[in-house]
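Student: The structure is given below, and queries will be raised subsequently.
Please treat every number below as a calculation from the coordinates, not as lab data. Everything numeric in this text was worked out from a predicted model, so none of it was measured. Cβ: placed from backbone, ideal geometry, glycine included. Neighbour counts: every protein chain shown.
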Amino acid sequence: MKPVPPAKQQALVARLSKACGGAYSPKERRKYFLTGPQWAAAYEGHALFHAPTRKPVGYEDVIREYAKIGIGHWTTHDTDVIPTDALGTARQEEIVSGIRKTLKKHGLECSMVTTETFHHAVFAASPAAEAPEVREYAKWRLTNTVQIGHDLGARFAVYWPGSLGYQVQGAIEETNTLRWYADGLNAACDADIAIARERGRQTMKHCLEAKPFEPAAQILLPSSDAMLAFIYSGLLKHPDMVGLNPEYLHELMWGAAVRAALARALLCGKLFHFDINDGYPLKHDVDIGVGLVNPLDWLNVLVLLRTHGYEGPFNLDYKPPRTTSNWGVFSVSFPTAVDRFITLWEMAGEVAVDPVIAQAYEALKAGGGGDPRDANSLAEANKELLTLHELIAHRLFQILVGAHRGRVFAL
């Protein structure tokens, strides 16, 4: 094949993308509670060892392109769209007004807002630092974001305490740090209650997002289970308002079973929001698009969520690869991520009504009889039934690859 001139490369990618098939219409995509972050689409490909590979993108372009794709909701950090020095000023009001108009123009809603409490140098020792002035500033930032959320009509606020920890042992007193962090959340919830009452709106759902490592060397709330313990610790004034925003990869990073973590959150009634992406266990936060690494695991996760009637947002919290162009972000990366999710979600619905899986589950729950006081009798009575565990896993694989519909490969 001859070299492809730059002027013809987009046409080539577009042709091959169309040849893939399997795309849903923007109208169909909008039926799902999928949310598109400002930071994901605006990611320039930079990292600790990486220079940027893409040009900056403003919220106007992101919202417009999301509308074209069929992503009906937009999310943002405060400083994704408002310079730090402009927070709380007339400039903030001007920017928020512009965002509101842009959302309305393109038929999108702002579903979630979150506060950047990890990047700026002021948070070098976390938003719950020893210095009381830093903690007061953090409280103000959180309550200001609640204000922005109400201004934009958001229903969720997310908190990622990635810098809540330490680099060297003995540098902090952990119980104090956790109490100070709770003070910030309490201030945010108090502000939410006051603003909601004043405006006749519902309060937002406040969602904690765990991550096992990065950027702090040791993080105080590294898992969703740790977050649940924190919510029920007695430190929060409004624990009913606070739940979880698990991120798929954050749970996977430390080798956990994502589905099990979600199950525990569901049992507690605390699964409010869900960040979706993909990646590898025991690696750093690569934020790959949903379904590109672990499609079978993703199918199982969505079976659980469909079974338990989860109706919250699915936030596309991933990074388009550094090798994808600005044009490719909106022409390939986001549309295909959305379509993989929809396909997996609908497959999960098929699993729920599959007769083979249903009969296998019913047989396992019925058991094989035996004397409930005789271990040997019970083991003998159930040993053949337990083979169904592997058969269920095989059936899930068949559904994933379409073999249950007769798809076969000729050797």
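Student: For region 264-295: of the residues being under 22 Å from Ala157 (Cβ atoms) and among the acidic types (Asp, Glu), which is surrounded by the most Cβ atoms within 10 Å (Cβ to Cβ)?
Tutor: Applying the filter and picking the extreme gives Asp275.
Student: Tally time: how many residues in region 372-386 are surrounded by 11 or more Cβ atoms within 10 Å (Cβ to Cβ) and out of contact with any Gly (no Cβ under 6 Å at 6 or more places or on another chain)?
Tutor: Quick first cut of region 372-386, residues surrounded by 11 or more Cβ atoms within 10 Å (Cβ to Cβ) only: 374, 377-382, 385-386.
If we keep only those that are out of contact with any Gly (no Cβ under 6 Å at 6 or more places or on another chain) too, we end up with 374, 379-380, 386.
The qualifying residues number 4.
Student: Name the single residue that is farthest from His284 (Cα to Cα) among those in region 33-70 being surrounded by fewer than 19 Cβ atoms within 10 Å (Cβ to Cβ) and of a type in the set (Phe, Trp, Tyr).
Tutor: By that ranking, first place goes to Phe33.
Student: Another one. When you go through (1) out of contact with any helix residue (DSSP H, G or I) (no Cβ under 6 Å at 6 or more places or on another chain); (2) outside any loop (DSSP other than H, G, I, E, B) one by one for Thr53, which number turns out not to apply?
Tutor: Answer for Thr53: the failing condition is (2).
Student: Can I ask one more? If you check every pair at least six apart or on different chains, which have Cβ atoms under 8 Å apart with a residue in region 243-266 that is more than 17 Å from Ala229 (Cα to Cα) first and a residue that is buried (at least 22 other Cβ atoms within 10 Å of the Cβ) and of a type in the set (Phe, Trp, Tyr) second?
Tutor: The qualifying pairs are Glu247/Phe274; Tyr248/Phe274; Tyr248/Trp298; Val258/Tyr248.
Student: Sticking with this one: Within the set of pairs 6+ apart or on separate chains, which have a first residue in region 29-48 that is without any contact (Cβ under 8 Å) to a residue 24 or more places away in the chain, a second that is polar (S, T, N, Q) and assigned to a loop (DSSP other than H, G, I, E, B), and C-beta atoms under 9 Å apart?
Tutor: Glu44/Thr53; His46/Thr53
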